[in-house]
Amino acid sequence: MENSSQQTEIEQVKCLIIGSGPAGYTAGIYASRANLSPVLYEGMQTGGQLTTTNEVENFPGYPEGVSGTDMMEDIRNQALKFGTDIREGNVTSVELTGETKTIVIDNKKTIEAQVVIIATGASARYLGLESERKFRGMGVSACAVCDGFFYRKQQVAVIGGGDTAVGDALYLAGIASKVYLVVRKNYLRASKVLQERVAATPNIEILFEHVTQEVLGDDSGVTGLRLLKQGKDEVVVPVTGMFLAIGHKPNTDIFKGQINLDENGYIITEGKGSQTNLQGVFACGDVQDPTYRQAITAAASGCKAALDAERYLQTI
C-alpha cells in the first residue's frame, strides 16, 4: 500500500536572507563575496517598495535617474553575479531562538540556517481608496523625499497631521507652488516646533477636519482631491500630487514573540549594527528603520548585516 503522507523537504544553508529590495539584495552581494553562500527568498513584492516608484533621481550612480524597477533589477543582477541564490517564495513560519534557525517557505519547504538576515521592509499605510490605487505612481506617492522633485511649481497635498506629514509639507513647500495639508482632526499631532514652522510657511494651507473621499485624475495622472469637510460639505482641491504620510507598518508580524520590537513593530537592533536580541539573527532596511526609509540607507544597512553575519559565523 502506497504511503500518501507528505515528507517535508529540509535544506541546510549557512546564510538565509528574508526579503528583497535594496537591503536584501545588498546583503546578498556582501554575503556572497564573503563566501557565505547566501540563499535569498524575495517574498511577495520582488524588489520591495521601490518598484512602485516611477523615477529615482537621488541614488548614487544614476545621474540621469532610473525607474525603481530598473534599479532593483540592477542590484538584483549584481547579487546574482556574485553567487546569491535568489528564489521566489514567502516565509510562512520561523523559529529563530535556537542555535539553528528554522524557516518554513510556503508552508512546505523547511530551511535550517546558521544565520538569518531579515530584510522584509515596511509597507506604507494607504487610505484604502480604489482611486488611490488607480493613481499610485501617477501622482499618488508615500514618499515626499523620493518623488517631490517631480512636482516643482505645482500644487500638491499631504495627507496626515503628525511629524512626518508636517515634515513632508515643509519639504514640499520648498519645491511646489502650494501645499495643502489635509488633516482629519481639528488639530495637528506634530511637535510644537514643526507646527510653528508650518504656520509660518506662506504656501502651506492646513485643511483641518477634512477627509479624502476620492482621488481625481485622468490618463495624465492626478488632477485633484475630493474632500469631505467637517463631515458634511464636499470640497475639491486642484493638485497634481498626493503624498500619504499616515505612517508605515513594518513587515514583522511573523517575528512577534521571538524578536524584540518597538512599540510600532520595528525590529530593535543593537547600537549601530544589525544584531537583534537573538544570536545569529540580523535585521536591515526599513524593517528596523522608522526614521530615514531611503533606498541608500537600506542598502547601507544590508551591507552592515552581511558583515555582521560574517563576523558572527567566524565565532561559532
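The values are calculated or read from the model by the stated rules, or taken from the named source; none is laboratory data. Just so we're clear, the structure is a prediction, and the values are computed from it rather than from any experiment. Cβ placement follows ideal geometry from the backbone for every residue including glycine, while neighbour counts extend to all protein chains displayed.
Here are the numbers for the structure shown:
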item: Among the residues listed as PHE282, PHE208, PHE243, the single one being over 27 Å from TYR187 (Cα atoms) and either in contact (Cβ under 8 Å) with a residue 12 or more places away in the chain or assigned by TED's automatic domain parsing to the domain that holds VAL183 (or both); result: PHE282
item: Test set (1) aliphatic (A, V, I, L, M); (2) crowded, with 20+ Cβ neighbours inside 10 Å; (3) more than 19 Å from ASN58 (Cα to Cα) - ALA144 fails condition number; result: (3)
item: Residue that is assigned by TED's automatic domain parsing to the domain that holds SER301, of a type in the set (Val, Ile, Thr), within 22 Å of the chain's Cα centre (by Cα) and under 29 Å from ILE246 (Cβ atoms), where the choices are THR92, THR164; result: THR92
item: Qualifying residues in the stretch 12-45 (those that are more than 12 Å from the chain's Cα centre (by Cα), within 23 Å of VAL94 (Cα to Cα) and in a loop (DSSP other than H, G, I, E, B)) - the one modelled with the lowest pLDDT; result: MET44
item: The stretch 30-61, subset touching a Pro at 6+ places or on another chain (Cβ under 9 Å) and aliphatic (A, V, I, L, M), residue surrounded by the fewest Cβ atoms within 10 Å (Cβ to Cβ); result: LEU50
item: Which listed residue is under 22 Å from VAL91 (Cα atoms) and in contact with an Asp or Glu (Cβ under 6 Å, 6 or more places away or on another chain), from ILE268, ILE254; result: ILE268
